[in-house]
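The values are calculated or read from the model by the stated rules, or taken from the named source; none is laboratory data. These numbers come from a predicted model, not from an experiment. Because the Cβ atoms are built from the backbone with ideal geometry, glycine has one as well, and the counts that use them run over all protein chains shown.
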Amino acid sequence: MKRDKRPFLIAITGGIASGKTAVSKWFEQKGFVVFSADKIGHQALQNETIITAVTAIFGISILVENQINRKVLGKMVFADFTKLQKLNEIIHPFIFNEMQKIIDDCKEEYLVFEVPLLFENGLEKCFDLTINIFSKKSLRIERLKKRDNLSEKEILGKMETQLPDYLKIEKADVSVENNSTLDKIYGMLEKIYEYLPRFSKKKIKRMTEKK
């Protein structure tokens, strides 16, 4: 596919439990093609080469029937930033390559990706429009306790691996607050949707050359 024919690329990002998935679903309901970087990461952990590389570092205790148990691995890496970095070094190239393949094959006018660690990985350089979703920390903690049955210590450990909200707000093209009802956030998304035709494509980098 020729570069000048690529889709307009939209990234949805935000801190953990900020409401990214609800926003992604809203875009899907509007008819947009939406992909999740996290789901691509889950596919990466089913790749035999990656399973071998990850097991070599973290040991066979992460395996269940020769497949990586994401919950066990997650507890391991979110308790140790060095281990998290090592895991990311293994799986991120796979994720970025898969995302670029999706872009190259896409025939749609718009393409949306939900990318939790957009700014942490410098991927904002690869999108035409970045939409950051943010919520109060206390609200996100309560959501995570209900959703994932995590302790506050585990939740704070995950939050510490991400950029603080104020930096994401500074970096994003658009930021949307999600401290109230879904109807309120949907109303704000409608305004972005109406404004979309006015946005122009940027001179962006490919996922594999983001640096």
Check your understanding: Just a yes or no: is a residue in the stretch 181-188 touching a Ser or Thr at 6+ places or on another chain (Cβ under 8 Å) and either of a type in the set (S, T, N, Q) or at pLDDT below 95 (or both)?
Key -> no
Revision key, fill the gap. Just one listed residue, out of L111, L63, L45, is in contact with a helix residue (DSSP H, G or I) (Cβ under 8 Å, 6 or more places away or on another chain), surrounded by fewer than 17 Cβ atoms within 10 Å (Cβ to Cβ) and aliphatic (A, V, I, L, M), and it is L63
Check your understanding: Name the pairs whose Cβ atoms lie under 9 Å apart, with the first residue in the stretch 91-120 and of a type in the set (S, T, N, Q), the second exposed (fewer than 15 other Cβ atoms within 10 Å of the Cβ) and in a loop (DSSP other than H, G, I, E, B), and 6 or more positions between them or separate chains?
Key -> none
Revision key, fill the gap. Conditions (1) surrounded by 15 or more Cβ atoms within 10 Å (Cβ to Cβ); (2) in contact with a helix residue (DSSP H, G or I) (Cβ under 7 Å, 6 or more places away or on another chain) -> Q162 fails only (2)
Review point. Would you say L63 is touching a Pro at 6+ places or on another chain (Cβ under 6 Å) and among the aliphatic types (A, V, I, L, M)?
Key: no
Study note, to complete from the structure: Restricting the stretch 75-84 to residues that are surrounded by 13 or more Cβ atoms within 10 Å (Cβ to Cβ) and modelled with pLDDT of 90 or more, the one nearest to the chain's Cα centre (by Cα) turns out to be L84
Practice item. Filter the helices (runs of 4 or more DSSP H) completely within the stretch 24-98 down to those with at least 3 residues that are over 30 Å from P7 (Cα atoms). Key: 48-58, 70-78
Check your understanding: Restricting the search to the stretch 95-127, which residues are within 19 Å of I169 (Cβ to Cβ) and among the charged types (D, E, K, R)?
Key -> E114, E120, E124, K125
Check your understanding: In the stretch 166-211, what count of residues is obtained for those that are aromatic (F, W, Y) and in contact (Cβ under 8 Å) with a residue 12 or more places away in the chain?
Key -> 3
